[in-house]
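Have a look at the structure below, then the notes.
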Amino acid sequence: MKRYHIAVIPGDGIGKEVVPEGLKALKAIAECHGGLDFQFEEFPWGCEYYLKTGSMMPQDGLDILKNYDAILFGAVGSPGVPDYISLWGLLLPIRKTFDQYVNLRPIQLLPGVSGPLRDKGPEDIDFVVVRENTEGEYAGAGGRIHVGTSYEVALQTGVFTRHATERIIRYAFELARERGRRKRLTGITKSNAWNYGMVFWDEVFKEVGRDFPDVEARLMHVDAAAMMFVLHPEEFDVVVGSNLFADILTDLGAAIQGSLGLAPSANINPERKFPSLFEPTHGSAPDIAGKGIANPIGTLWSIKMMLDFLGEAEAADVLMNAIKQVLLEGKVRTPDLGGTSTTQEVGGAVCRLIKKG
Ligand code: GGG
């Protein structure tokens, strides 16, 4: 029997509603598989914890997490706590301390889902965004002086090191080679305006590209990429971008795949020195939190990525097939996809298909 220890952080808002559906799916997989077991330990960290204790997680939170095989995360953010406090107090320390330098965000329009783009079907929208996840515009380098005066100054700098830039671009080239759909890598830049950091990014992209003559590589300004995601998504296969650019583009990507509620993401430490973290791309969605109507598929799909990363490809396929079947049948859907079903009903439908499969 193979046993995985999973740390579970539902976090805030709809994170608390979608994560239980993910746990139900993992339990269903374990039941059917027979040789696989998951042990969960849940941590009540997030904005409520902050309001009680003054920090988003305990001081030894990272020490506790480092011993798990993987982390399942819901969402962070609540109207009662400034977003920069909640994000910098919980999710970013995990990503950075555990060197989860690859944030993988697949953008795929699944059969049965009608996306907003007229004339674009599942064969046109199928690519992966590789987001640099440890530095860049999220480095936190900056400061404010003369606070509260009329001559106040705020400065924030993007940090692009050769080490981190090279490794993320290399990872993306390797993925483009492996995926083999088009063997095309698009590097997202803005080197016309960002004449130091992004010029450096472009140089590294070209240097690393020399090791991958079989991969078609091109650089595209982030503004042009935003337009191309909408007009010609079929042009993309693997996309690599800095922390902020890729974060922004993947919300657009989630929109063209039909709903932000469907979008998965994996924060990976490829060397497996630390646990990786799997979370839906969406945030805590205070506008619908507590209504029981959040789409759990982004979480379920993220768990599929977790299973793949743990080397459980068969279980990952069973889960993904169940997700696809539910979407294809179209009977059980949350309101973001035009349905009237609840979070639990969608999670239940996926579990029934796992058990059938
Ligand atoms: N489940 C992801 C989540 O809670 N995201 C909140 C957020 O604002 N994340 C910012 C980021 O990923 O950079």
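Is the range 216-225 home to any residue that is modelled with pLDDT of 95 or more and within 16 Å of the ligand (Cβ to nearest atom)? The answer is yes; a qualifying residue exists. Would it be correct to say that D99 is at positive phi, in contact (Cβ under 8 Å) with a residue 24 or more places away in the chain and acidic (D, E)? So D99 passes the test.
Look at the range 268-282: where a residue is closer than 13 Å to G22 by Cβ and a partner is part of a loop (DSSP other than H, G, I, E, B) and near the ligand (Cβ under 10 Å from one of its atoms), sitting 6+ places away or on another chain with Cβ atoms under 7 Å, you get P280/A263.
Among the residues of the range 133-174, those that are touching a helix residue (DSSP H, G or I) at 6+ places or on another chain (Cβ under 6 Å) and within 16 Å of the ligand (Cβ to nearest atom) comprise N133, T134, E135, G136, E137, Y138, G158.
Which residue out of P286, P233, P264 is touching a residue at least 40 places away in the same chain (Cβ under 8 Å), within 16 Å of the ligand (Cβ to nearest atom) and more than 24 Å from Q100 (Cα to Cα)?
Numbers: P233 fails: within 16 Å of the ligand (Cβ to nearest atom); P264 fails: more than 24 Å from Q100 (Cα to Cα).
Criteria check complete, one pass: P286.
Filtering the range 8-47 to residues that are touching a Phe, Trp or Tyr at 6+ places or on another chain (Cβ under 7 Å) and within 15 Å of the ligand (Cβ to nearest atom) leaves V8, I9, G11. In the range 212-221, is there at least one residue being free of Cβ contacts under 8 Å to residues at least 24 places away in the same chain and out of contact with any Pro (no Cβ under 9 Å at 6 or more places or on another chain)? Among the residues of the range 212-221, at least one is free of Cβ contacts under 8 Å to residues at least 24 places away in the same chain and out of contact with any Pro (no Cβ under 9 Å at 6 or more places or on another chain), which makes the answer yes. Starting from residues that are acidic (D, E) and closer than 22 Å to I169 by Cα, keep the ones in the range 115-134 and report whichever is most open to solvent (accessible area, probe 1.4 Å). This residue is D126.
I297 satisfies every condition listed in (1) closer than 27 Å to F173 by Cα; (2) within 14 Å of the ligand (Cβ to nearest atom); (3) buried (at least 21 other Cβ atoms within 10 Å of the Cβ) except (1).
Filter the range 302-312 down to the residues that are touching a residue at least 40 places away in the same chain (Cβ under 8 Å) and open to solvent by 10 Å² or more (accessible area, probe 1.4 Å), then identify the one that is nearest to the chain's Cα centre (by Cα). First the steps, then the outcome.
So in the range 302-312, the residues touching a residue at least 40 places away in the same chain (Cβ under 8 Å) come out as 302-307, 309-310, 312.
Still in the list and also open to solvent by 10 Å² or more (accessible area, probe 1.4 Å): 304-305, 309-310, 312.
Details: K304: 12, M305: 10, F309: 14, L310: 17, E312: 19 Å.
It comes out as M305.
Within 16 Å of the ligand (Cβ to nearest atom) and crowded, with 18+ Cβ neighbours inside 10 Å: does that describe S341? Spell out how you get there, then give the answer.
On the way: within 16 Å of the ligand (Cβ to nearest atom): no; crowded, with 18+ Cβ neighbours inside 10 Å: yes.
No: the conditions fail for S341.
Applying the criterion of at least 3 residues that are surrounded by fewer than 19 Cβ atoms within 10 Å (Cβ to Cβ), at pLDDT 95 or above and not small (G, A, S) to the strands (runs of 3 or more DSSP E) found wholly in the range 1-114 leaves 2-11, 36-42.
The values are calculated or read from the model by the stated rules, or taken from the named source; none is laboratory data. Please read all numbers here as calculations on a predicted model, not as lab measurements. Every residue, glycine as well, gets a Cβ built from its backbone with ideal geometry; the counts of neighbours run over all protein chains shown. All accessible areas refer to the heavy atoms of the entire protein, side chains included, with ligands and DNA or RNA removed. Shrake-Rupley method; radii C 1.70, N 1.55, O 1.52, S 1.80 Å.
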